[in-house]
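The values are calculated or read from the model by the stated rules, or taken from the named source; none is laboratory data. All values reported here derive from a predicted model rather than from experimental measurement. Every residue, glycine as well, gets a Cβ built from its backbone with ideal geometry; the counts of neighbours run over all protein chains shown. Accessible surface is based on the protein model in full, side chains and every heavy atom, while ligands, DNA and RNA are left aside. Shrake-Rupley method; radii C 1.70, N 1.55, O 1.52, S 1.80 Å.
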Amino acid sequence: IRRLRLSDKKRWMWIDAICINQSSEAERTYQVRMMSKIYMAARRVVVYAGEGTPHTAILFDWLNGLKTEDLDILLKWDLDNLAVDTVISCEKYWSIGKERLLALFSDPDENKIELSQSELVELAKEFFSRRWFQRVWVLQEVSLPDVRNTIVICGTKAITAIRALHALSLIYNDSAGTMIRIFVLLRKKIKAKKSHLLDILIETRYREA
């Protein structure tokens, strides 16, 4: 909450663990039924991954320093042609246009961080091993909101969901890449209006609740 609050004005937030009476089974059951509406109607969804470390700070600074045209967003996974997801594609090209315009007045490489591929992979693996990514309840935060309205916060650092997807692409061959497969399955379910329930259950069977 300290990381999310604004210094100059009030901010409205919905936090499940606080806003729902956890000792009331009736209230919890009622609220769970409303959860999809809450996430789809939210103006902003925040993934708070915990307090930062020097390693997460380097990873987030590197991701924020990337040009949008260099982001590798789901292009390695040819599952249901997810790479041409309309929302993600439109957001990417819109950002590319803005960055090219701003580049006329500043040096886009001024704060760029150079890291080797092996260093990036280790940083990404460490970040995605955090507890948030092990929980089954976070699937609604991955699949329901508009990806453009989601940000990931770790300590004092923040990245957009699209940049977080680029970080996932670094470990698509690693066991931690299960998060990628879950994301893809959930996006397929929403796009194609088909049931992939069994696939999702198989991929999420080891997640915590």
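With each label modelled as a point 7 angstrom along the Cα→C-beta vector, the Asn64-Leu197 pair spans 4.2 nm. With each label modelled as a point 7 angstrom along the Cα→C-beta vector, the Arg2-Thr53 pair spans 2.0 nm. Set the Förster distance to 22 Å, then compute FRET efficiency between Gln22 and Trp132 from the Cβ-Cβ distance, nearest 0.05. The calculated FRET efficiency here is 0.75.
Of the residues Tyr39, Tyr48, Tyr206, ranked by 1.4 Å probe accessible area with the largest first, the sequence reads Tyr206, Tyr48, Tyr39.
Pairs from the list Lys10/Lys157; Lys37/Lys67; Lys37/Lys157 with a Cα-Cα gap above 31 Å: Lys37/Lys67. Residues Asp8, Asp16, sorted by accessible area with the largest first, give Asp8, Asp16 [1.4 Å probe; ligands and nucleic acids excluded]. Counting only protein heavy atoms and using a 1.4 Å probe, the accessible area of Ile1 comes to about 120 Å². Heavy-atom accessible area for Arg28, with the other protein chains in place and a 1.4 Å probe, reaches approximately 90 Å².
Per-residue 3J(HN,Hα) values for the range 42-47, derived from phi via the Karplus relation 6.51 cos²θ - 1.76 cosθ + 1.60 with θ = phi - 60°, read 5, 6, 8, 10, 10, 8 Hz in sequence order (x marks Gly and Pro). Taking every protein chain into account, the 1.4 Å probe leaves Val46 with about 40 Å² of accessible area, to the nearest ten. Heavy-atom accessible area, probed at 1.4 angstrom with all protein chains present, ranks Cys154, Cys19 as Cys19, Cys154, highest first.
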